[in-house]
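Structure record follows, encoded as structure tokens.
Bear in mind these aren't lab numbers, they're just calculated from the coordinates by the rules spelled out. Just so it is clear, the model here is predicted, and its values are computed rather than measured. Here the Cβ positions follow ideal geometry from the backbone for every residue, glycine too, while neighbour counts run over all protein chains shown.
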Amino acid sequence: MSVVIRRAGRGDVAAIHQMIRELAAYERAPDAVVGTEAMLERALFAPRPSAEALIAEVCDEPAGFALFFQSFSTWELRPGIWLEDLYVREAHRRSGAGRALMARLAQLALERGCARLEWHVLSWNEPAIRFYERIGAARLREWELQRLAGEALSAAAAMPAPPPPSA
């Protein structure tokens with residue numbers, strides 16, 4: 001079985017959205033997917049896309065995907081790639097699809113002059129952690145994810161500016 005990696009096209013939106021739902025179920029959050037196929041299509045194919053996607057195919061069927069976007073390093077002063085999600089369907093795990101997706105992402109990072117390729121992995125996802133270790137990824141344990149969302153995001157946006165310092 002050979003794995004083919006290609007850029008996602010508009011015709012892949014339904015398959016990617018389905019795999020996103022499968023990923024959410026795997027990550028123990030089946031109800032977390034609130035975005036629609038139309039929203040995904042806009043994110044990937046708007047005049048100024050906010051994300052990109054790669055498809056892994058095995059025997060001409062979607063076996064997995066990688067969804068990513070450009071980041072930036074203020075220390076390196078170079079772009080990077082942030083891998084938002086990498087997913088390989090259960091039937092295609094150990095087919096080489098995950099390794100092929102990561103290899104293509106690394107190639108894109110080098111082609112684009114990126115300083116790094118980064119992502120998060122859930123702490124309980126030992127199979128993924130072992131996979132990332134096998135390909136040479138380093139854990140950055142000193143960095144912790146922070147998030148503003150929902151009401152906290154709205155409250156932060158509404159924070160008044162501090163008063164000017166007294167003269």
>> Largest first, please: the extent of the C-alpha atoms of the range 59-118 along each principal axis, to the nearest Å.
In response: 41, 18, 16
> For the range 25-108, what number results from the quotient of the Cα radius of gyration and 2.2 N^0.38 Å?
Replying inline: 1.22
> With springs only between Cα atoms under 10 Å, which of PRO79, PRO127, PRO62 fluctuates most in a Gaussian network model of the chain?
Replying inline: PRO127
> At a Förster radius of 35 Å, what calculated FRET efficiency corresponds to the Cβ-Cβ distance of CYS59 and ARG130, to the nearest 0.05?
Replying inline: 0.85
> log10 I(q)/I(0), Debye, Cα-only the chain, no solvent, q = 0.12, 0.14, 0.16, 0.18 Å⁻¹?
Replying inline: -0.63, -0.84, -1.08, -1.34
>> Run lengths n ≥ 4 of DSSP H only: what is the helix-derived mean residue ellipticity at 222 nm for the chain, with -39500 (n - 2.57) per run over all residues, to the nearest 500?
In response: -10000 deg cm²/dmol
> Which loop trypsin sites (Lys or Arg not before Pro) in the range 85-167, with loop taken from DSSP, have no more than 11 other Cβ atoms within 10 angstrom of their Cβ?
Replying inline: ARG94, ARG139, ARG141, ARG147
>> At a threshold of 8 angstrom on Cα-Cα distance, excluding pairs fewer than six apart, so keeping six or more, what relative contact order does the range 44-167 reach in percent?
In response: 17 percent
> How about the range 1-75: which trypsin sites (Lys or Arg not before Pro) there are in a DSSP loop, with at most 15 other Cβ atoms within 10 Å of their Cβ?
Replying inline: ARG28
> To the nearest 0.05, what FRET efficiency results for ALA161 and ARG48 with a Förster distance of 30 Å applied to their C-beta separation?
Replying inline: 0.50
> If we count other beta carbons within 10 Å of each Cβ, what is the order of VAL3, VAL121, VAL88, fewest first?
Replying inline: VAL121, VAL3, VAL88
> Once you mark the GluC sites (Glu not before Pro) that are in a DSSP loop and have at most 12 other Cβ atoms within 10 Å, what is the longest gap between them in the chain?
Replying inline: 1-75
>> Please give the charge dipole size of the chain, origin at the Cα centre, charges +1 on K and R Cβ atoms and -1 on D and E Cβ atoms. Round to the nearest 20 debye.
In response: 420 debye
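Quick one: length gained pulling THR74 to SER154 fully straight, 0.36 nm per residue minus the C-alpha distance? Intermediate values should be presented prior to the final figure.
On the way: separation 80, 0.36 × 80 = 28.80 nm, distance 2.64 nm.
That works out to 26.2 nm of additional length.
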>> Compute, for the range 10-64, the length of the dipole vector about the Cα centre, with Cβ point charges of +1 (Lys, Arg) and -1 (Asp, Glu) only. Units Debye, rounded to 20.
In response: 300 debye
